[in-house]
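The structure appears right after this line, and notes come after that.
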Amino acid sequence: MTTELFTGAEMVVKSLSALKVKYIFGYPGGSVLDIYDAIFQQDEIEHILVRHEQAATHMADGYTRATGEVGVVLATSGPGATNCVTGIATAYMDSIPMVVLAGQVATSLIGNDAFQETDIVGCTRPIIKHSFSCRTLADIPDAISKAFYIASTGRPGPVVVELPKDILIPQNKGPFNIETDIKIRSYNPNIKGHSKQIKKAAQTISNAKRLVVYSGGGIVLSDASELLTKLVETLKAPITNTLMGLGGISGTHKQFIGMLGMHGSLEANKSMANADVILALGARFDDRVTNNVEKFCPNATIIHVDIDPTSISKTINAHIPIVGLVDVVMQQLLDELSDINFSPDEAELSQWWQQINLWRNVKSISYDQDVNEKIKPQRVVEALYKITQGDAYVCSDVGQHQMFAAQYYPFAKPRRWINSGGAGTMGFGLPAAMGVKLAFPDKHVICITGDGSIQMNIQELSTCKQYNLPVVIVTLNNRSLGMVRQWQDMVYGGRHSSSYMESLPDFVKVAEAYGHVGIQIDNLDELEEKLTQAFNIKDRLVFVDVMVDEKEHVYPMQIRTGAVDEMWLKKGVKS
Amino acid sequence: MRRILAILMENEPGSLSRIVGLFSQRAFNIESLTVAPTDDNSLSRMTIATKGDDKVLEQIVKQVNKLIDVIKITDITDRKHIERELLLVKVAAMSDKSRTEVTRITDIFRGNIIDIGKQVYTVQLTGDAEKLNAFINALQNETEIIESARSGCVGMARGDQALRI
Ligand SMILES: Cc1ncc(C[n+]2csc(CCOP(=O)(O)OP(=O)(O)O)c2C)c(N)n1
Ligand SMILES: [Mg+2]
């Protein structure tokens, strides 16, 4: 029997099929035309043609954040591949699994400054989990299979696979074998927490008087919110989420005290500052959380659970480090707590909650809306929450609108809040929302964006038309780079250096030009009605351009160089 | 504080650049770095001499370990260990006096003169960094150093402990 032979391009597609990939997000070019030809000749995998490779990475990323499935990107060598760099960095910073297939010039040309040659493996080295440079046909299935395994296990992240042209062309054929049960001798991520550490943690929790649970994106990534909720209900303690961790526990849960950090709630930051024990779950003490590390929670014993040992004691020293998958470790903790018949000291607990409720009563997440004034951006987010009954996928860009979305749309479920937290990439929102809509066509998918951010990938309106992706774009249009402007107001004496946009397009016309529906909202009294109208149009993309008050700042806000709980509550009002 | 790290990793293209990239990306210090395949050709052994306080060292070890190609890393500084570096040094040997002195110093340090030119000697010496420094100093007092090359240190724990898969 003769074995069937395949080209490298066919192997790429067959490998992806074997790994149950449904979509490839990409853009063609010289070095990958053979792969495009192979894609054309099959119908298991659908290719989504974006309008810019950066959008392909964000679209794959959004798809992954909503579904948990690894997103796949395909780009040609040189500029195609370098256009992916921002999207790869975005995924890397938020630990999102992604496989980027990058074309490369023929192996014989590598190093010659050939046409469209860029050392993409070199360019991306600091922003990937790993990369593979294929040099022979046989490398292809192996590299792709390993790339998926590495991207999706341990602390997830993007993996780049470089594919030179000469191993893809029809002239070269070979047998196809793929191993999907991967073992890599140098890569064995921890799964279970060390039992001694678990015991220590359970003991410390039992003795705590003012415990706070602080959870992050790790909970969302490992689909551990049910377990988290169970743990938190067992502990009866307050819980705060990071920006990446929102939805890890329901935003309306009575023990939830809001997001913490730079624009977190007063009660969350105060609770952290006054805690005697902090249980950190899948969070990494980012500088946007801690504020000044020197002043960070000096009296707290810190239990830090994370899959990535490098995240532990990097910025904040952990007293009880536990390396392992957060869901597995939480189960271990629950078991241990039940073994030691854990029950919190009710007197201490009620005192702690009394204190927290005092902070809550300050209502730090609030704003004033005068009926005769311009629409406040916060009001728009509240209206969206009401209209979608809190059940939408909310993708955001980066800026003030992102913080308003995080503060005013309490997420009931994980994977519903999709934003670029670690990298803060403007231009992420629309393509990410498209990836979500592709996966969940029957759900409300909103892109909350700004007049600045939306223009960083606005060309994707064309992709939305082609693939019928009717997301609802809501631009909190403050005619300025609001977040930059806010800093300039607060730190730079109100000098608005390049933070406003004097030549904004008519977004309604832009939307219409791309074949979509555009709606502009100017007045408060038409806000809900017109937004509702937008959501009632189910089969077309609606671009809602809401004129909001350009003077609004995001509050509360940590005071730079201060402790975690030193905040501006309003202009001139300190915590 | 100076630390010696021994690393066992896959002998694959790109592995070295990942380590070097990591050190520069995270602003870790590299005093010296040596790498070569081991008796098992699929593996490379690397020794890095670095500097940093405990917190930095903890991060270095964890970050290196996190690289997919890396199988093991150990900090051998505080253990009983052997540290060796190779020095090749070319010195001026123009006068009888300088030739005798170079020979004498080389003998004292148990080095070898491995090549001679018309007016130069090339000397080889192995030892730890301190010994090599002392040797260079001694030579400098007697003659002119024309060229020198040091390998950077390689290290290994003493006794039964082994860095292997
Ligand atoms: C690609 C990129 N460039 C620059 C920045 C810095 N930046 C952060 S927020 C912001 C302003 C965003 O303006 P807009 O999208 O209108 O949002 P707003 O703050 O007005 O709500 C800028 C420029 C960034 N985060 N990403
Ligand atoms: Mg704006």
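The values are calculated or read from the model by the stated rules, or taken from the named source; none is laboratory data. These figures come from a predicted structure and were not determined experimentally. In this analysis, Cβ positions are derived from the backbone assuming ideal geometry, glycine residues included, and neighbour counts consider all displayed protein chains.
Does segment A:119-140 contain any residue that is more than 16 Å from ligand 2 (Cβ to nearest atom), closer than 23 Å to A:Asn457 by Cα, in contact with a Ser or Thr (Cβ under 8 Å, 6 or more places away or on another chain) and of a type in the set (S, T, N, Q)? Yes, segment A:119-140 contains at least one residue that is more than 16 Å from ligand 2 (Cβ to nearest atom), closer than 23 Å to A:Asn457 by Cα, in contact with a Ser or Thr (Cβ under 8 Å, 6 or more places away or on another chain) and of a type in the set (S, T, N, Q). Does segment A:456-509 hold any residues that are among the charged types (D, E, K, R) and within 30 Å of A:Leu438 (Cα to Cα), and which are they? Hits for segment A:456-509 are A:Glu460, A:Lys465, A:Asp506, A:Lys509. Checking each residue in segment A:443-479 for being among the acidic types (Asp, Glu) and within 10 Å of ligand 1 (Cβ to nearest atom) picks out only A:Asp451.
Of all residues being of a type in the set (Val, Ile, Thr) and outside any strand (DSSP E or B) in segment A:538-560, which is nearest to ligand 2 (Cβ to nearest atom)? Just the residue, please. Among residues in segment A:538-560 that are of a type in the set (Val, Ile, Thr) and outside any strand (DSSP E or B), the one nearest to ligand 2 (Cβ to nearest atom) is A:Val554. Residues of segment B:24-47 include none that is within 14 Å of another protein chain (Cβ to nearest Cβ), in a helix (DSSP H, G or I) and within 21 Å of B:Thr77 (Cα to Cα).
Among the numbered conditions (1) away from chain A (no Cβ under 14 Å); (2) more than 30 Å from A:Asp119 (Cβ to Cβ), the only one that B:Leu5 does not meet is (2).
Might you check whether a residue that is within 14 Å of chain B (Cβ to nearest Cβ), touching an Asp or Glu at 6+ places or on another chain (Cβ under 8 Å), free of Cβ contacts under 8 Å to residues at least 40 places away in the same chain and hydrophobic (A, V, I, L, M, F, W, C) occurs anywhere in segment A:109-132? The answer is yes; a qualifying residue exists.
Determine whether segment A:380-396 contains at least one residue that is within 11 Å of ligand 1 (Cβ to nearest atom), at pLDDT 95 or above, part of a loop (DSSP other than H, G, I, E, B) and not assigned by TED's automatic domain parsing to the domain that holds A:Leu260. Taking every residue of segment A:380-396 in turn, none turns out to be within 11 Å of ligand 1 (Cβ to nearest atom), at pLDDT 95 or above, part of a loop (DSSP other than H, G, I, E, B) and not assigned by TED's automatic domain parsing to the domain that holds A:Leu260.
Every residue, every condition in (1) of a type outside the set (Val, Ile, Thr); (2) exposed (fewer than 13 other Cβ atoms within 10 Å of the Cβ), yes or no:
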| site | (1), (2) |
| --- | --- |
| B:Arg3 | yes, no |
| B:Ile7 | no, no |
| B:Glu10 | yes, no |
| B:Ser15 | yes, no |
| B:Leu22 | yes, no |
| B:Phe28 | yes, no |
| B:Thr34 | no, no |
| B:Pro37 | yes, yes |
| B:Asp40 | yes, yes |
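Please go through segment A:476-494 and pick out each residue that is more than 8 Å from ligand 2 (Cβ to nearest atom) and not in a helix (DSSP H, G or I). Those that are more than 8 Å from ligand 2 (Cβ to nearest atom) and not in a helix (DSSP H, G or I): A:Tyr492, A:Gly493, A:Gly494. Residues in segment A:308-340 that are in a loop (DSSP other than H, G, I, E, B) and touching a Gly at 6+ places or on another chain (Cβ under 6 Å): 1 in all.
Yes/no per residue for (1) within 14 Å of chain B (Cβ to nearest Cβ); (2) modelled with pLDDT of 95 or more; (3) farther than 15 Å from A:Gly216 by Cβ:
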| residue | (1), (2), (3) |
| --- | --- |
| A:Asn274 | no, yes, yes |
| A:Ala280 | no, yes, no |
| A:Ala283 | no, yes, no |
| A:Thr301 | no, yes, yes |
| A:Ile312 | yes, yes, no |
| A:Val326 | no, yes, no |
| A:Gln331 | no, yes, yes |
| A:Ile356 | no, yes, yes |
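A count restricted to segment B:76-99 and to residues that are among the acidic types (Asp, Glu) and in contact with a Cys (Cβ under 8 Å, 6 or more places away or on another chain) stands at 2. Of the residues making up segment A:480-521, those that are of a type in the set (Phe, Trp, Tyr) and either away from ligand 1 (no atom under 12 Å from the Cβ) or within 21 Å of A:Val544 (Cβ to Cβ) (or both) number 3.
For every residue, the table says whether it meets (1) out of contact with any Cys (no Cβ under 9 Å at 6 or more places or on another chain); (2) within 14 Å of chain A (Cβ to nearest Cβ); (3) surrounded by fewer than 16 Cβ atoms within 10 Å (Cβ to Cβ).
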site: B:Arg104; (1), (2), (3): yes, no, yes
site: B:Gln119; (1), (2), (3): yes, no, yes
site: B:Val123; (1), (2), (3): yes, no, no
site: B:Lys131; (1), (2), (3): yes, no, no
site: B:Gln140; (1), (2), (3): yes, no, yes
site: B:Gly152; (1), (2), (3): yes, no, no
site: B:Arg164; (1), (2), (3): yes, yes, yes
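On the given criteria, is B:Asp69 touching a residue at least 60 places away in the same chain (Cβ under 8 Å) and within 25 Å of A:Ser311 (Cβ to Cβ)? So B:Asp69 passes the test. Between A:Lys254, A:Lys192, the distinction of being away from chain B (no Cβ under 14 Å), within 29 Å of the chain's Cα centre (by Cα) and under 17 Å from A:Val329 (Cα atoms) belongs to A:Lys192 only.
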